[in-house]
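Trainee: Input: one structure, supplied below.
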Amino acid sequence: MQSFDDFKISKQLQYAITDLGFEKPTPIQSEAFSIIVSGKDVVGIAQTGTGKTFAYMLPILQMLPFAKQIQPRVLVLVPTRELVVQVVEEIEKFGKYSDIKVLGVYGGTNINRQKEALALGADIVVATPGRLYDLVLCRALQLKAIKKLVIDEVDVMLDLGFRFQLTNIFELLPERRQNIMFSATMTEEIETLINDFFIGTHKIAVAVSGTPLENIAQSSYAVPNFYTKANLLVNLLQDATTFNKVLVFVSNKKSADLLFNVLNEHFNDELCVIHSNKTQNYRLRSIKQFDEGKNRILVTTDVMARGLDLDEISHVVNFDTPAFPENYMHRIGRTGRAEKEGTSLLFYTEKETKHKEAIEALMDMKIPEKDVPSEVKISKQLAPEEQPQLTEPNNPHKPSGDYVPGAGFHEKKEKNAKENQGGSYKRIIKKKYKKPKTKGDKNYNKRNKK
Ligand code: AMP
């Protein structure tokens, strides 16, 4: 779709777009509009700056009929309070002529003022998950009228450890609702979340703009396992003149720490690492040292590397092969910027070959192969993730398939189970009569029967 006219949107929205000076929809806006209007569950893969906020708000505002009611009909969840403020501002610009009431709520500020604001009513609530949940528990906010749930920057949200808050919120929402999710990167955790809670999800993705692939020299190495990959990387990094500013990507924080430990033996003060378990100060210091050239090697996860404005990266090393090809495009886009030549290396194991092929299919080109130098030691040691998993196919309490929740999963589950047991009367009644007393209980039982 080339023009906003093709969307057949209301006059009020047209005026707002004219005021904003937007001439035509961005690619994600074109792709998302008709699908969101159709009412399907949607997952959009798009980074900040692609116009994704309007990509979901435009169809939602178009669909949101005017109604004088207190309870919100649209819930937008975002990971940080800065984003709450930003999204509220964007919606206000768009809803300028529409009489839409939007309210932002987030933690770290006075909850009473937010309760008062909610009591006056809102059509759209934009919230961070923790504060939203608190407001629902103390009955300052009811979610039963929610028709559309938007989760923005879901990758950041999960990386910050909000999975259980999200699950808790899902339990409180009406089952009949439209789910819309946006993320810059795809991860297995997101896939699991989609499979658990979304129905017939439609995926839309836009190409990463900015970096022309021609500026990036890509190559790949077939390597048997984690520790051999580490040996190869150590070998390559010895050449400090060529590898002068190296961004090393791994898919999760455990691998980041494991790799950091290996590299640290060889490149101690040339090395830094960032992932979401590190403190904000530690991360900021690492990024600064890397950017200023004090450390030439930065190990990072996909999610953490987002939003970093790093220039003149000599090499991007894909220490593992992303399961979602879009992530590879994001990673290699960190080099070869501003007309500079960049180099990207991809390490892949036999198991990762299918991911490499998916990347090649997306780019419509083969990544040239290089031989692992003969002096690189082939390791037999297996990283924890590579070790065979014990499966118990007949144990109904263990999830089947590949999904094995990590330690954090259990910790939080127990913590939540203790903290979030509101409604003790209902719990006691339910235990006594063993049958649902409310619609909420019924839904809960239905879901837990599976
Ligand atoms: P977002 O990706 O939602 O963070 O949006 C990035 C920026 O693009 C925001 O400042 C929007 O105001 C702007 N923007 C969104 N849609 C359009 C459009 N169709 N034309 C021009 N700018 C846009």
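The values are calculated or read from the model by the stated rules, or taken from the named source; none is laboratory data. Quick caveat, the model's predicted, so the values are computed rather than measured. Cβ coordinates were reconstructed from backbone atoms using ideal geometry, including for glycine residues, and neighbour counts include every protein chain displayed. Side chains included, ligands, DNA and RNA excluded: accessible areas come from the protein's heavy atoms. Shrake-Rupley method; radii C 1.70, N 1.55, O 1.52, S 1.80 Å.
Trainee: Looking only at region 57-80, decide whether some residue is under 29 Å from A205 (Cα atoms) and more than 27 Å from the chain's Cα centre (by Cα).
Mentor: Yes - at least one qualifying residue is present in region 57-80.
Trainee: Assuming R131 fulfils every condition listed in (1) among the charged types (D, E, K, R); (2) assigned to a loop (DSSP other than H, G, I, E, B); (3) in contact (Cβ under 8 Å) with a residue 12 or more places away in the chain apart from one, which condition is it?
Mentor: Every listed condition holds for R131 apart from (2).
Trainee: Hey, another quick one. Which of the helices (runs of 4 or more DSSP H) contained wholly in region 1-117 include at least 1 residues that are away from the ligand (no atom under 11 Å from the Cβ) and farther than 30 Å from T187 by Cα?
Mentor: 11-20, 52-63, 81-94
Trainee: Scan region 249-266 residue by residue and report those that are open to solvent by 10 Å² or more (accessible area, probe 1.4 Å) and in a helix (DSSP H, G or I).
Mentor: Our first condition is that a residue be open to solvent by 10 Å² or more (accessible area, probe 1.4 Å); within region 249-266, this holds for 251-255, 257-258, 260-262, 264-266.
Listed by number, the residues that qualify are K253, K254, S255, D257, L258, F260, N261, V262, N264, E265, H266.
Yes/no per residue for (1) polar (S, T, N, Q); (2) closer than 30 Å to R283 by Cβ:
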{"site": "D134", "(1), (2)": "no, yes"}
{"site": "L137", "(1), (2)": "no, no"}
{"site": "Q142", "(1), (2)": "yes, no"}
{"site": "D152", "(1), (2)": "no, yes"}
{"site": "D159", "(1), (2)": "no, yes"}
{"site": "N168", "(1), (2)": "yes, yes"}
{"site": "I180", "(1), (2)": "no, yes"}
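Trainee: Here's something else I'd like to know. So, in region 270-291, how many residues would count as being open to solvent by 20 Å² or more (accessible area, probe 1.4 Å) and modelled with pLDDT of 90 or more?
Mentor: Qualifying residue count, region 270-291: 2.
Trainee: Can G161 be described as under 21 Å from F94 (Cα atoms) and touching a residue at least 40 places away in the same chain (Cβ under 8 Å)?
Mentor: Details: under 21 Å from F94 (Cα atoms): no; touching a residue at least 40 places away in the same chain (Cβ under 8 Å): yes.
No; evaluated as a whole, the condition is false for this residue.
Trainee: Go through region 127-161 and give me each residue that's in contact with a Phe, Trp or Tyr (Cβ under 9 Å, 6 or more places away or on another chain) and hydroxyl-bearing (S, T, Y).
Mentor: Matches in region 127-161: T128 only.
Trainee: In region 296-311, what residues are open to solvent by 10 Å² or more (accessible area, probe 1.4 Å) and at pLDDT 85 or above?
Mentor: R296
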